[in-house]
Amino acid sequence: MKKDEIFQKRMERHHDELRWLYMELYQNSDMFAELCDGMHRFYCERKTALRKRDSQKEKDPDWFKRRDMTGMMLYIDNFAGELKGVKEKLPYLESCHVNCIHLMPFLDSPKGRSDGGYAVADFRKIKPELGIMSDLASLAEACHQRGMNLCMDFVMNHTSEDHEWAVKARQGDGEYMSRYFFYDNDEIPQKYEETVPQVFPSTAPGNFTWLPDAGHYVMTTFYPYQWDLNYRNPRVFNEMMYNFLFLANLGMDIIRIDAVPYIWKELGTQCRNLPQVHTIVRMMRMISEIVCPSVLLLGEVVMEPEKVVPYFGTVEKPECHMLYNVTTMATIWNTVAAKDIRLLRRQMDIVYSLPKEYTFLNYLRCHDDIGWGLDYGVLKEWGMNEIPHKRFLNDYFTGKLEGSVSRGELYNDDPVSCDARFCGTTASMCGIESAEYEKNPDKLDEAVRLDLMLHALILCQPGISMLYSGDEVGQVNDYSYKEDPEKASDSRYIHRGKFNWELAEKRGERGSMQEKIFHGITRLEEIRKSEKVFDSTAEIYTYDVHNDSVLCIMRRTERETFFGIFNFSGQDETAWMKEEGEFTDLLTGAKITLDNLRIPGQSFYWIKGRRS
């Protein structure tokens, strides 16, 4: 089929719905026609190799659901200095069994006002110290040659105040002011403030910023230097879609849409999760399927499950291909502190009941803080109130509570609401940092066991497992950020430190902490890759072992049954279960009987048996 015929065929499949949704939002047929022309232009500019990749993945639409998919999030500068350095380090990532690399924000943003790269000044320029666009395309090509996928962030909700549009808007250009939310008095901003929650009440209170030089207020949901885009303006949508397609044409395989729920603003609402957001994401999905169908949409929706799931869309009208499993991540850490698996089991039951077409990205830590967005309605029924429980969690993970081995720092500690988020690496939260400081080998062994148990739990989950760079070698908190004036006020940099290549070298030293963690995680990844019971089509349930400290997950295919059993207690515990048949410990190869199994503290089993 000729190149243009392929585009037209895809366009025919989606045109009517795309036009209907666009006109519903914008009532502007000229702008829709321009969008279609722009899509055709980006399709024609797409490299032959990428169009071939599109064709291959169209034939295998579930390619990203394979059980061998393992990702890693990393900062280019911290990991390898620049994009060319990442390319040179691909063999190391392969040794980690990583086949999906998520590059944290690297587009041009102003120093000191970048929010870690999420305040973009130019969507078509890379930070000069990291490289140029051709370096990114070269890295993508090298990844593809190795069977690896590349992921990047696309910040849709706002731009930096240094963006070309913002600069012109600040100068009073009405065309560009209309691309943001500008008001010459505080009447409407005050009405917004009545219903819109604050994201950072301590460090960036309010949702508007007064610009003395412009004589206007501008909407700034996040930080004062991040100006919210006005998606009521079709010019904003079109231009941002052109930026999206430009980046896709550099060879991106997955594009993470940042802060999805915030995209549409409506006076009198919370400006979160509005119906128009779903319209925009659905249009993005169709645009992607027309121009670059090998590109997946990963949605960042940091909310409770009932608000997250709608961003998958429906089976007939899908939106995001993947979403972050944020609530499970936070609930896992809650379980570490509380030694009580009931809330985690309840959360997993919700996830496991969803259609198998829905794919979650599962992780223990990422670049961001941990917000304790738990199910406090349920916890209250169990005698745990929200504010005291959040205080307990933060005291536990900062190491203030007796018996806690965790280390870390709070982020956006709000003395009024007594709310705060937490920052720290997986290793430090598991006790590796404190054990090394105390030079206590027994505590270090316990911390390593907990670290590996949590990674084993993540690898049991349906969806894609994602490592955070440094976790594979037990990298602990980096407090040097306090010495950098541009970072000192943001405690999230405690887990955004430079990758320690000396630790990576130690992964080959038998008996070292790094070797235990690296070998342990890669062994789990190898097992997951080789065992069909980890297929996305396998049935998955929680299994009641009548012990609130022990979580059991069961996976089943037609021929096999798998049990992942995890003891969150610091003491030996019994999994009260009785299963007939012969079972094998997947880690040791030993035969095992499932008859009231005894499990050491902070340890786990991966067990498989044949179904009769």
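Numbers at a glance
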item	result
Contact order normalised by residue count of the range 63-180, Cα under 8 Å, 6+ apart, percent	25
Estimated 222 nm signal from helices in the chain, with DSSP H stretches of n ≥ 4 weighted -39500 (n - 2.57), rounded to 500	-11500 deg cm²/dmol
Candidate aspartates and glutamates - alpha carbon under 13 Å from K339, same-chain residues fewer than 8 apart omitted	D548, D572, E573
Per-residue SASA entry for Y43, accessible area with 1.4 Å probe, Å² rounded to 10	0
Debye, to nearest 20: dipole size of the range 332-401, +1 on Lys, Arg Cβ, -1 on Asp, Glu Cβ	200
Around A169: net Lys/Arg minus Asp/Glu count, Cβ-Cβ under 11 Å	-1
Cα centroid separation - the range 1-73 against the range 200-267, whole Å	24
Taking the C-alpha atoms of the range 491-564, convex hull volume expressed per residue in Å³	180
Degrees, to the nearest 10: 513-530 long Cα axis against longest axis of the chain	80
0 to 90° range, to nearest 10: angle between helix 441-460 axis and the chain longest Cα axis	60
The range 107-163 and the range 519-542: distance between their alpha carbon centers, rounded to Å	33
Mean Cα-pair separation over length for the chain, i.e. relative contact order, pairs under 8 Å, 6 or more apart, %	11
The range 57-121 shape via C-alpha gyration tensor axes, a/c threshold 1.5	oblate
J(HN,Hα) series, the range 187-192, from Karplus relation 6.51 cos²θ - 1.76 cosθ + 1.60, nearest Hz, glycine and proline x	4, 6, x, 5, 5, 4
Which listed pairs, of K84/K125; K111/K498; K89/K443; K3/K47, have C-alpha distances above 21 Å, in listed order	K89/K443
Share of carbon and sulfur in the accessible heavy-atom surface of the chain [1.4 Å probe, %]	48
Cα-based reach from K439 at 21 Å (exclusive), listing lysines while leaving out same-chain residues under 8 positions away	K400, K506, K516
Per-residue ³J(HN,Hα) for the range 123-137, Karplus 6.51 cos²θ - 1.76 cosθ + 1.60, θ = phi - 60°, Hz, x for Gly and Pro	6, 10, 9, 8, 3, x, 6, 9, x, 10, 4, 5, 5, 5, 4
Net charge of neighbours whose Cβ lies under 15 Å from the Cβ of R282, counting Lys and Arg as +1 and Asp and Glu as -1	-2
Percent of beta bridges antiparallel (DSSP, the range 349-505, rounded to nearest 5)	60
Qualifying lysines (Cα of each under 20 Å from Cα of K307; at least 8 residues distant if same chain)	K265, K317, K356
Net +/- balance of residues flanking P388 in space, Cβ distance below 13 Å, scoring K and R +1, D and E -1	0
Taking only Cα atoms of the range 182-233, radius of gyration then Dmax in Å	10.6, 31
Kirkwood Rh, angstrom, the range 79-172 [1 / mean 1/r, Cα pairs]	14.4
Shape of the range 568-608, Cα gyration tensor, a/c cut at 1.5	oblate
Relative contact order of the range 547-610, defined on C-alpha pairs under 8 angstrom at six or more residues apart (%)	38
Rounded to the nearest 10 Å², the accessible area of Y605 at probe 1.4 Å	50
Considering only the chain, percent of DSSP beta bridges that pair antiparallel, nearest 5	60
3J(HN,Hα) from dihedral phi, the range 287-299, Karplus parametrisation 6.51/-1.76/1.60, rounded to Hz, x for glycine, proline	4, 4, 5, 7, 8, 8, x, 7, 8, 9, 9, 10, x
Cα gyration tensor category, rounded, prolate or oblate, for the range 517-612 with a/c compared to 1.5	oblate
Probe 1.4 Å, accessible area per residue of the chain, Å²	40
Amide H within-cut-off set for Y411, under 5 Å, with H built and near neighbours excluded	R421, F422, C423
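The values are calculated or read from the model by the stated rules, or taken from the named source; none is laboratory data. Please read these numbers as outputs of a predicted model, since none were measured by experiment. Heads up, the Cβs are rebuilt from the backbone with ideal geometry, glycines too, and the neighbour counts pull from every protein chain shown. Side chains included, ligands, DNA and RNA excluded: accessible areas come from the protein's heavy atoms. Shrake-Rupley method; radii C 1.70, N 1.55, O 1.52, S 1.80 Å.
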